[in-house]
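To keep things clear, I will list the structure first and then write my remarks on it.
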Amino acid sequence: MRFVVALLALGVAGCMAPANKLPLEQVVDLRVAEINVAFADGAQVPAEVREVVAPKVKAALERQLSPRLKGSIPVRVEVRVRNVRIASEVETVLVGANHGMTADVILIDPKTKAVLLTYDAQSSHAGGGGGVGGLILDRAVLPHPMDRLAEGFAFRYAEWLRPTEPRS
């Protein structure tokens, strides 16, 4: 029984985001001056999406961070994409495979070049559907998997950096 509990604890720990060590009082003073997206050394990215990864992730981060970071202190966001996985049509039909992306995000003070905050191996996943119906939904109805991965990635990072204020 202890073994099962230990395995469950390890599984949950692997899903947890790192602690955001930047106080909220400091985060609210930040403003995004620049976003750079590049591939990490040895990145595994399918050729069919390689050209669109950087612009899609950058645009999604701009959409998510601009409304949250309206302060006066400029910061640069550096993203290093480690891997992108787009499930094939066969995988989607047979096993309902998911799409995924992992990248490191670094927040930098552009004046001093000091690293303010890092989020290593942030991941984003998007359902690939299952069966023929799931394939049709995934490829014909929903936005392209790379669009969904970029939006999910940007939203998760923005929520981690500066959570949305609860509605009253």
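Coordinate-derived values only; no laboratory data. Every value quoted in this text rests on a predicted model; they were computed, and no experiment measured them. Note: ideal-geometry Cβ built from the backbone for every residue, glycine included; neighbour counts use all protein chains shown.
Quick notes on this structure:
- Near Val45, the amide H atoms lying under 5 Å from its own belong to Val84; only residues 5 or more places off or on other chains count, and H is placed 1.01 Å from N.
- Unit charges at the beta carbon, dipole of region 19-161: most positive-side option, Pro145, Val28, Leu161: Val28
- In region 19-161, taking the dipole from charged Cβ atoms about the Cα centre, the farthest positive-side position among Ala97, Gly128, Val115 is held by Val115.
- Label-point gap, in nm, between Arg63 and Asp104 - each point 7 angstrom along Cα→Cβ: 2.8 nm
- Mean Cα-pair separation over length for region 76-153, i.e. relative contact order, pairs under 8 Å, 6 or more apart, %: 31 percent
- Estimated from helical segments only, the mean residue ellipticity of the chain at 222 nm is -12000 deg cm²/dmol, where each DSSP H run of four or more residues counts as -39500 (n - 2.57).
- Projecting the Cα atoms of Asn83, Val53, Pro67 onto the charge dipole of the chain (Cβ charges, centred on the Cα centre) puts Pro67 farthest toward the positive pole.
- Label corresponding to Rg/Rh (Cα atoms, Kirkwood Rh) when calculated from the structure given, among (i) 1.02; (ii) 1.22; (iii) 1.32: (i)
- Here the 3J(HN,Hα) profile of region 57-62, calculated from phi with Karplus coefficients 6.51, -1.76 and 1.60 at θ = phi - 60°, is 5, 4, 5, 5, 5, 4 Hz, Gly and Pro shown as x.
- Total charge dipole magnitude, the chain, about the Cα centre, Cβ charges on Lys, Arg, Asp, Glu only, Debye to nearest 20: 340 debye
- Net length gained if the chain between Gln44 and Thr164 were fully extended (0.36 nm per residue, minus Cα distance): 40.0 nm
- Computed over the chain, relative contact order equals 23 percent, with contacts defined as Cα pairs under 8 Å that lie 6+ residues apart.
- A Förster distance of 30 Å, applied to the separation of the beta-carbon atoms of Gln26 and His125, puts the FRET efficiency at 0.50.
- Here each label is just a point 7 Å from Cα along the line to Cβ, and for Thr112 and Ala33 those points are 1.3 nm apart.
- For Ser72, Ser123, order by how many other beta-carbon atoms lie within 10 Å, fewest first: Ser72, Ser123
- Within the straight-line cut-off of under 17 Å between alpha carbons, the aspartates and glutamates reachable from Lys56 are Glu34, Glu48, Glu78, Asp104, Asp147, Glu151, sequence neighbours fewer than 8 places apart in one chain being disregarded.
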